[in-house]
Structure formats: C-alpha cells, structure tokens
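Presented below is the structure to which this report refers.
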Amino acid sequence: MEGANVKKVRSSDLELKDRLVALNRVTKVTKGGRTFTFAAIVVVGNENGVVGHGLGKAKEVQEAIAKGIDDAKKNLVKVPVRKGTIPHAQEAKFSGAEVLLKPAAHGTGVIAGGAMRAVLESVGITDVLAKSKGSSNPHNVVKATIKALTDMRDANTVSGMRGVAVGKVFNG
C-alpha cells in the first residue's frame, strides 16, 4: 500500500469515528477445554478524507475492538475526496479481493456492501458506485478498498507531476 502519493496522517489532531467491520470468534482446543478469543477488524476515519484500518485480538470483545481502534489510528492515510465522491474510477487488488470504485453523481449514495461501505463512509464519501469481486474476506476487502483510495490522484497532483496547469489536465 506504500505508493508515491500516500500521505500518512497523525491521529492526535483529528476527531475520528470508528466502525466495526467484522468480529470473529476463534476457538483453540486444549486439554483443559475450549479457549475462545475474538478478532475485530475496525475502520476509523474523520469523514473528511482520512481513513485507517486495524485488527485487534483479545479474550474479550470490547478489548479486541479497543485494540483494533488503536491499531487503526497507527495506519491513517489521506484520501482525495471531491464534492462527496472520488476523483476518478479506480481498481485495486489485495490478495484474493478485487474492488472497483467509480465516481457517482450527487444524490446517488454509497452503493457498496459490507466491508467496503464501512471504509467509504469513514472516508466521508457520500456518492460512489463500488463493486467487490473475488474474495469476500473482510480483511482483504478493507485492504483492497484502502489501496484503491490511496492510489487515487486529484487534479492538483496530476498537474504537478505533468508540469502543466490544472485546466490543461482536463482539456489535455
């Protein structure tokens, strides 16, 4: 996920909201019986272009969620959001999960399911068309969605890379 335009963000100066994507109960069988632990996948974001994901594991549900939130705050990235949607269509793949994101007109809403919806809403995207292909594993879908979002470039970035005016990017 480390691209040329990925901007790391500090969590100290942001007001982040957390969303639980998936909670998994894991059983370990020992000679003393079954031991249950919980794994929580959490997405945090300020609903204004910053998002992060994390995984927390513990013997109690609340503790696993708290660990996931702490982990997510360490993985925050900045995403370009333009008028409530994304700048351009983008595909990304992480392991077996593939995602497709397309910009949508105002009023469309977030057309996405499950893990993708949590990530897109945490970023602050209000209008987008999204499709998850391949694996539906929440870990990989979240990582593929964040990869697609971090690979996006806004007009200012593209004009800077090409060395032309912002208006030329659209007309060029």
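The values are calculated or read from the model by the stated rules, or taken from the named source; none is laboratory data. The shown structure was predicted, so the numbers you read here are calculated from the model rather than taken from an experiment. Every residue, glycine as well, gets a Cβ built from its backbone with ideal geometry; the counts of neighbours run over all protein chains shown.
Among the residues of region 86-106, is any in contact with a Pro (Cβ under 6 Å, 6 or more places away or on another chain), in contact (Cβ under 8 Å) with a residue 12 or more places away in the chain and surrounded by fewer than 21 Cβ atoms within 10 Å (Cβ to Cβ)?
Step one: list which residues in region 86-106 are in contact with a Pro (Cβ under 6 Å, 6 or more places away or on another chain), which gives 86-87.
Imposing the further condition that a residue be in contact (Cβ under 8 Å) with a residue 12 or more places away in the chain reduces the set to 86-87.
So of that shortlist, the ones also surrounded by fewer than 21 Cβ atoms within 10 Å (Cβ to Cβ) come out as 87.
Yes, the conditions are met somewhere in region 86-106.
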Out of (1) surrounded by fewer than 16 Cβ atoms within 10 Å (Cβ to Cβ); (2) modelled with pLDDT of 90 or more; (3) among the charged types (D, E, K, R), the one ARG19 does not meet is (1)
> Would a scan of region 77-84 turn up a residue that is touching an Asp or Glu at 6+ places or on another chain (Cβ under 6 Å) and over 14 Å from ALA148 (Cα atoms)?
Replying inline: yes
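Filter region 70-86 for residues that are among the aliphatic types (A, V, I, L, M) and in contact with a strand residue (DSSP E or B) (Cβ under 7 Å, 6 or more places away or on another chain) and give the result.
Applying the first criterion (among the aliphatic types (A, V, I, L, M)) to region 70-86 yields 72, 76-77, 79, 81, 86.
Those that are among the aliphatic types (A, V, I, L, M) and in contact with a strand residue (DSSP E or B) (Cβ under 7 Å, 6 or more places away or on another chain): ALA72, LEU76, VAL77, VAL79, ILE86.
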By residue number, the members of region 100-140 that are under 13 Å from VAL51 (Cβ atoms) and part of a loop (DSSP other than H, G, I, E, B) are GLY124, ILE125
Apart from one, (1) modelled with pLDDT of 95 or more; (2) more than 17 Å from VAL43 (Cβ to Cβ); (3) more than 15 Å from the chain's Cα centre (by Cα) all hold for ARG153; the odd one out is (1)
The condition of being of a type outside the set (Asp, Glu) and surrounded by fewer than 19 Cβ atoms within 10 Å (Cβ to Cβ) holds, among LEU120, LEU149, LEU129, only for LEU129
Answer yes or no as to whether LYS67 is more than 12 Å from VAL142 (Cβ to Cβ), more than 16 Å from the chain's Cα centre (by Cα), part of a helix (DSSP H, G or I) and not assigned by TED's automatic domain parsing to the domain that holds ALA148. yes
_Against the condition within 26 Å of LEU149 (Cα to Cα), outside the structural domain of ASP127 (by TED's automatic domain parsing), of a type in the set (Gly, Ala, Ser) and within 15 Å of the chain's Cα centre (by Cα), how does GLY52 come out, does it pass?_
yes
Condition check for THR145: in contact (Cβ under 8 Å) with a residue 12 or more places away in the chain, polar (S, T, N, Q) and part of a helix (DSSP H, G or I): yes
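Among the listed residues VAL142, VAL164, which satisfies the condition of being surrounded by fewer than 17 Cβ atoms within 10 Å (Cβ to Cβ) and either among the hydrophobic types (A, V, I, L, M, F, W, C) or not assigned by TED's automatic domain parsing to the domain that holds THR85 (or both)? Working first, answer last.
On the way: VAL142 fails: surrounded by fewer than 17 Cβ atoms within 10 Å (Cβ to Cβ).
Matching residue, one of VAL142, VAL164: VAL164.
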Apart from one, (1) among the small types (Gly, Ala, Ser); (2) closer than 19 Å to LYS143 by Cα; (3) surrounded by 14 or more Cβ atoms within 10 Å (Cβ to Cβ) all hold for ALA58; the odd one out is (2)
- Within region 15-22, is there a residue that is under 20 Å from ALA130 (Cα atoms), touching a Pro at 6+ places or on another chain (Cβ under 7 Å), outside the structural domain of THR145 (by TED's automatic domain parsing) and in contact (Cβ under 8 Å) with a residue 60 or more places away in the chain? yes
